[in-house]
Amino acid sequence: MISLERKRSERSRKPFLLMLLEVRGTLPTENSGQALARIVSVLSVTTRETDVTGWHVNDSVVGVMFTEIGIEDRNTIPNIISRRVNETLRNNLGPDRVKRLKISFHVFPEDWDGDGSGRANNPTLYPDLDKRDGTQKFFRGIKRVMDVSGGLMALILFSPLFFIIAIAIKATSKGPVLFRQRRIGQYGKSFIFLKFRSMYVNNDASVHKEYVTQLIAGKASRQPSNGQGGGQGVYKLTNDPRVTRVGAFLRKTSLDELPQLINVIKGEMSLVGPRPAVPYEVEAYDVWHRSRLLEAKPGITGLWQVSGRSRVKFDDMVRLDLQYARNWSPWMDLKILLRTPAAVVLGEGAH
């Protein structure tokens with residue numbers, strides 16, 4: 001029910017409040033079952049017909065979802081409901097029983113700005129993710145083995161290319177060989193993302209930030225592309241004056257992505273997964289967009305890259321990310337990896 005209400009809330013953009021009540025101890029004359037039964041009957045006085053009451057933990061923790069509430073101040077509604085519930089329980093159960101109750105509140109969507117400091121994977125609001133993780137532990141282990149072995153092999157294979165690219169970057173522009181940027185990974189955890197530097201140093205990121213904001217809002221226009229994907233244009237900045245001549249080649253061939261193999265070996269990324277997000281990108285996300293950060297670890301390549309890349313709109317990219325995460329298998333990863341070289345050579349999405 002929590003999972004369904006999350007999806008409903010994402011569509012309606014109306015938050016819901018989850019209240020949990022746990023009995024920490026009982027009076028000598030009653031057991032926990034009797035205490036919880038009385039609590040549930042009392043709660044019916046404070047809930048509406050559209051609210052949902054049930055077990056959050058069987059025979060232990062009662063949950064109530066107050067649905068489609070308006071929250072101007074995220075503390076206002078929980079405080080109001082807390083006072084109302086405590087007053088009702090105290091009047092009907094007595095102060096001794098109320099003292100034995102532990103009451104907590106959880107508001108969806110979470111107040112998360114995407115800077116990596118919050119806890120996006122709240123097991124209370126995302127119990128389905130928690131359960132799914134338990135059932136797919138073995139498959140996550142297989143994926144990790146594929147990432148480490150594949151990442152190490154690729155590093156060894158491309159090591160001469162690393163050396164050549166480093167020389168080309170240093171010879172044509174001032175600045176470091178590697179570009180380091182904070183990105184948002186799975187569950188909102190931030191990490192330092194590595195690429196070969198393709199831009200001049202000390203450039204202004206405001207142009208990219210503005211375009212990304214427009215892209216996420218569905219207001220960005222296609223940019224002309226010089227690729228081989230049919231001339232339809234791409235949803236990405238092209239002819240960017242911040243990009244060096246060597247950088248333009250690295251981006252077109254996706255060779256600038258090779259240092260991310262280090263992120264993969266460190267466990268911050270996977271060979272296959274959603275594209276890692278920039279913090280200011282996450283700030284512009286709609287609520288349902290955040291699911292792409294919860295469902296899977298970010299990857300170097302993914303279903304989006306081999307299914308249209310920058311030619312698809314942002315919402316469609318998110319849908320592809322979610323489709324991948326919910327249907328993942330080792331065989332699916334292998335197919336995406338095998339399709340990636342052709343997507344790089346033939347596609348017009350890389351800039």
Practice task
Check N92 against each of (1) out of contact with any Phe, Trp or Tyr (no Cβ under 9 Å at 6 or more places or on another chain); (2) at pLDDT 90 or above; (3) surrounded by 15 or more Cβ atoms within 10 Å (Cβ to Cβ) and name the one condition it does not meet.
Solution key: (2)
Problem - When residues of the stretch 298-315 are limited to those that are in a loop (DSSP other than H, G, I, E, B) and either modelled with pLDDT of 90 or more or surrounded by 23 or more Cβ atoms within 10 Å (Cβ to Cβ) (or both), the one nearest to the chain's Cα centre (by Cα) - result: P298
Exercise for the section: Within the stretch 306-320, work out how many residues are among the aliphatic types (A, V, I, L, M) and touching a residue at least 40 places away in the same chain (Cβ under 8 Å). Expected result: 2
Exercise for the section: Take the stretch 245-261 and flag every residue that is surrounded by 18 or more Cβ atoms within 10 Å (Cβ to Cβ) and polar (S, T, N, Q). Expected result: S254, Q260
Exercise for the section: Determine which single condition G54 fails, assuming it passes every other condition in (1) free of Cβ contacts under 8 Å to residues at least 60 places away in the same chain; (2) surrounded by 18 or more Cβ atoms within 10 Å (Cβ to Cβ). Expected result: (2)
Handout entry: Residues satisfying the stated conditions in the stretch 321-340, i.e. surrounded by 15 or more Cβ atoms within 10 Å (Cβ to Cβ), part of a helix (DSSP H, G or I) and touching a residue at least 40 places away in the same chain (Cβ under 8 Å)
Key = D321, Y324, A325, D333, I336, L337
Practice task
Confirm whether F158 is within 30 Å of A284 (Cα to Cα) and either loosely packed, with under 13 Cβ neighbours inside 10 Å or modelled with pLDDT of 85 or more (or both).
Solution key: no
Practice task
List the number of the failed condition for N75; all other conditions in (1) at pLDDT below 80; (2) touching a Leu at 6+ places or on another chain (Cβ under 6 Å) hold.
Solution key: (2)
Handout entry: For S206: the one exception among (1) surrounded by 13 or more Cβ atoms within 10 Å (Cβ to Cβ); (2) out of contact with any Gly (no Cβ under 6 Å at 6 or more places or on another chain)
Key = (1)
Fill in the blank from the handout: The number of residues in the stretch 286-297 that are surrounded by fewer than 19 Cβ atoms within 10 Å (Cβ to Cβ) and part of a loop (DSSP other than H, G, I, E, B) is 1
Fill in the blank from the handout: Of the listed residues (V264, V318), the one being surrounded by 24 or more Cβ atoms within 10 Å (Cβ to Cβ), at pLDDT 90 or above and not aromatic (F, W, Y) is V264
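The values are calculated or read from the model by the stated rules, or taken from the named source; none is laboratory data. Note that the structure is predicted; figures quoted are calculated from it, not measured. All Cβ positions, even for glycine, are placed from backbone atoms using ideal geometry, and neighbour counts span all protein chains on display.
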